[in-house]
Each structure stands twice: as structure tokens, then as C-alpha cells.
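Asks: Pasting in a structure now, in C-alpha cells, and then I'll have a few things to ask.
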Amino acid sequence: MYRHRVGPYVVHTRQPNYRIQRWFVLVFILVLAILVCVKIFKYTEITVDNLFSFEHEKLDREMSVLAETSIVRAPQNQCSLVQTCPDEHFPFKIATGAANVIGPKICFNGQVLMGGQTKPWGHGLNIAVVNGITGQLIDADSFDMWSDDVKPLVEYLTSIKNGSLVLIASCDDPATRLNDDARTLISQLGSSQISNLSFRDNWIFVGGKGINTLKPLEKYIKNDKTVNLYGDWPEMLEMEGCIPRKQE
């Protein structure tokens, strides 16, 4: 009997289980990640103790910053001062104008009160009045002593209240229109040179009204064509220092 083989003999086998393979790969990756983490922890020597230590150091730094910001201190090296003022003092820097070209400048407690490009100034007398306790600006104005009436200046000086600091800087001509009333009021603020102030002299002054503990400060230079730095005008004057805060 003959048998006819239709085709080759085929043995059927099951396909590989890819889920098992993927599981082994995931396990391998997980083990590898654990080993890497262990190496890193050993390298950096991170422990529970130094983790808590790090948090304590961070907290200490934050508390230190809060403590520093809660302390009220005098502004340091403000107004481009060479010296540093102690606490309970106001730093100031004041300068006259230079000839009739460059304006004066009054800086107090870190703020420009008059002068520069943003704070108006004028020819004559530039005056800034400040609260002697808080250091806040009360008012600032300029008075032309060449062409204007002196009456507004007298009224302004009369209106200054007790406990105020007064800073004055000259520019160009500070004296032509000055009368005895104005000079007397300025001398009562503590000036010893106001009686000498004449045409185109340069003068800067820091004084106060009703502040017995304040020692007035001022500089004065006379207009003298033989020694003037700017021909018809004397050299520019500057002065800086620390003013004690008025006690309440």
C-alpha cells in the first residue's frame, strides 16, 4: 500500500511569552537603579542625621536674615559719604553750585532732596527742611536773591517749626536781596556766617530750629576775583557728616 505525503511534516510549537521577557527587563532596570542610588548615597555620605542637620542650618540662616531685617539701622555710606554714620544719626552731603552753570545738591539720609536732574534747584538760596525725628522731608524750595523779592524767603523761614533740621546751599548769587530780617532768622537757626554773606559768595549750612543738641555746621568762601576758581565765582564748597536724630 502506498501512502501519498501531501507536504512536509510540520511540528507546531508555542510562541515565546513576551510578557515574561518584559517583566525580566523591568526587574533588571529596577535593580540597576537601586544599585546606582546606593552608590550615590555612599559617595555623598548622606544620612538621616546630616539631612536633619542641613534643615537646621537652613532654618538658622532664615532666622538670621529675619533678625537682621527687623533691626532698624542708620543708612550706611549713603549719599556717597566717605565715613559711616552710627545708629540714630542721619548722613548728609551738601554742595553749593559751581558758578551759574552747575546747580547745588542736598542729599540727606540716602535721598537727594535738591539738585541733580530730577530735583529742582534755583539760583540764590536752596533750602530743605527735614523732620529732626523721622528724617522725612517736610519741604524744599529755592529763593532767587538777585531778582526776586526777599519777602517769600522771610515768610518761609518764619514758618519753620521747632524740631526741624534745615539744610541750605547757595548757587550763583545768594545775598543781594537779603535783608536784616532774613539774616536774623537764619542766624537763629545757628549760622555764624550769614551776616558776612555777600554778592556771589558761596555758602553751605546745616542747622535746626528748637534742637539744642544740634551743633550747626557751615562753610563759607568769599567772592574774590583775585583768587576765584571760576573767574567771577569762587570755588564750589562741599560738606558731609552725620546729624544726631532728635530725641522725642
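Every read-out reported here was derived from the displayed coordinates using simple, explicitly stated rules and does not represent laboratory data. Fair warning: this is a prediction, and the values are worked out from it, not measured in the lab. Every residue, glycine among them, receives a Cβ derived from its backbone with ideal geometry; neighbour counts consider all protein chains shown.
Asks: Taking just the alpha-carbon atoms of the range 77-143, what radius of gyration and Dmax come out, in angstrom?
Replies: That works out to 12.3, 37 Å for Rg and Dmax.
Asks: Calculate the all-directions average of the projected area of the range 180-248's alpha-carbon convex hull, and give it in nm².
Replies: The Cα convex hull of the range 180-248, projected and averaged over all directions, gives 5.4 nm².
Asks: Output the peptides 105-112, 121-128, 183-190 sorted from most to least packed, where packing is the average of other Cβ atoms within 10 Å over each peptide's residues.
Replies: Highest mean packing first, the order is 121-128, 105-112, 183-190.
Asks: Taking 0.36 nm per intervening residue step and subtracting the Cα-Cα distance, what contour gain separates Ile29 from Val227 on full extension?
Replies: Here the answer is 62.3 nm.
Asks: How long are the semi-axes of the equivalent ellipsoid of the range 110-248, defined as square roots of 5 times the Cα gyration tensor eigenvalues? Whole Å, largest first.
Replies: They are 24, 16, 15 Å, listed from largest to smallest.
Asks: Could you put Ile29, Ile138, Ile160, Ile243 in order, starting from the residue whose Cβ has the fewest other Cβ atoms within 10 Å?
Replies: Ile29, Ile138, Ile160, Ile243
Asks: While we're looking at this one, here's another question. Kirkwood hydrodynamic radius for the range 119-192: how many Å is it when counted over pairs of different Cα atoms?
Replies: Roughly 12.6 Å, rounded to one decimal.
Asks: Test of understanding: what is the full-extension gain from Asp141 to Ser195, defined as 0.36 nm times their sequence separation minus their Cα-Cα distance?
Replies: 17.3 nm
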